[in-house]
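A short write-up of the structure that comes next.
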Amino acid sequence: MRSDDKLPVHIAFIMDGNGRWAKKRLLPRKFGHREGVKTIDRVADDVFGRGIKYLTLFAFSTENWKRPKDEVSGLLALFDNYLTKRLPKLERDGVVLRVIGSERGLNDELRGKIDEAYKRTCGGTKGNLTICFDYGGRADIIGAVNRCVESGVKVDESSFPTFLQTAELPDPDIIVRTGGEHRISNFLLYQMAYSELYFSDTLWPDFTAKELDDILKAYSKTDRRFGGVDEKR
Ligand code: FPP
């Protein structure tokens, strides 16, 4: 990356491929998720280190409750552990940690940790890390519609997003899906209207800073017209 290359403000990841990473090594899937957390640490440092202000990660979807019980409890434990262990570093680094999604399936202790993480980091100015946990794009839109109806106010394209769970975030400029599948899997459905999409065959635990830089390089060359025309073309 050159320092004058156009940078995104917000990059989001669908972190896919942990299970296959583990399977290739004849390990149980939970080892892949554990390795995936290490990649989160690296990618967060790389993203904020490059001056990108918003990083959003799809960690657990509204559909992931259908996975085997022990995998679900393993993911909940990793999330809990992440909130406990990474909080001091995020606080030191000035990174705001937000969690969006439903909290219905989470116990009180975990809910408390989520609130505490935000309270302790909300003054940060270096970056914004948002973890989507028990998140679904459809559930987000339906929740927003219900809040609009309850408020009794008619909305338009500029006010509707303030009812979404991402109200405090700009729309993602880039969405990256690792793991080789070409689908969106109920991620930020409303917010991605004009996002640039990148699909990588790399399994999430193997995702590197070099690949991030390749994506940023490709993004810096895009001509985003948001439905308009480029007079120079
Ligand atoms: C997809 O891989 C990944 C997930 C469903 C979860 C992503 C979770 C982490 C990176 C760890 C949890 C971290 C926190 C902080 C909550 P997959 O299991 O679908 O992989 P596969 O497609 O190869 O089976």
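List of remarks:
- Applying the criterion of at least 3 residues that are touching a residue at least 60 places away in the same chain (Cβ under 8 Å) and closer than 30 Å to residue 219 by Cα to the helices (runs of 4 or more DSSP H) found wholly in the stretch 9-107 leaves 18-24, 29-49.
- Of everything in the stretch 106-134 that is farther than 22 Å from residue 189 by Cα and within 13 Å of the ligand (Cβ to nearest atom), the residue that is surrounded by the most Cβ atoms within 10 Å (Cβ to Cβ) is 117.
- Top-ranked residue of the stretch 135-180 - restricted to ones that are of a type in the set (Phe, Trp, Tyr) and in contact with a helix residue (DSSP H, G or I) (Cβ under 7 Å, 6 or more places away or on another chain), ranked as farthest from the ligand (Cβ to nearest atom): 160
- Boolean, residue 163 is touching a Cys at 6+ places or on another chain (Cβ under 6 Å), buried (at least 19 other Cβ atoms within 10 Å of the Cβ) and aromatic (Phe, Trp, Tyr): yes
- Residues in the stretch 17-46 that are farther than 18 Å from residue 130 by Cα and among the polar types (S, T, N, Q): 1 in all.
- Selection count where residues are surrounded by fewer than 20 Cβ atoms within 10 Å (Cβ to Cβ), under 16 Å from residue 59 (Cα atoms) and not hydrophobic (A, V, I, L, M, F, W, C), scope the stretch 184-211: 2
- Extreme residue, farthest from the ligand (Cβ to nearest atom), among residues of the stretch 204-232 that are part of a loop (DSSP other than H, G, I, E, B) and touching an Asp or Glu at 6+ places or on another chain (Cβ under 8 Å): 230
- Hits in the stretch 51-88 (condition: crowded, with 18+ Cβ neighbours inside 10 Å and closer than 24 Å to residue 210 by Cβ): 52, 53, 54, 55, 56, 57, 58, 59, 86
- In the stretch 38-49, the condition of being surrounded by 15 or more Cβ atoms within 10 Å (Cβ to Cβ) and within 8 Å of the ligand (Cβ to nearest atom) is met by at least one residue.
- Residue in the stretch 121-144 that is without any contact (Cβ under 8 Å) to a residue 60 or more places away in the chain, part of a loop (DSSP other than H, G, I, E, B), within 17 Å of the chain's Cα centre (by Cα) and farther than 26 Å from residue 72 by Cα present: no
- Residues considered: 64, 18, 81. Of these, the only one that is farther than 25 Å from residue 138 by Cα and within 13 Å of the ligand (Cβ to nearest atom) is 81.
The numbers here are math on the coordinates, done by the rules we state, and not lab data. Source: prediction; values computed, not measured. So basically every Cβ, Gly included, is an ideal-geometry build from the backbone, and we count neighbours across all protein chains shown.
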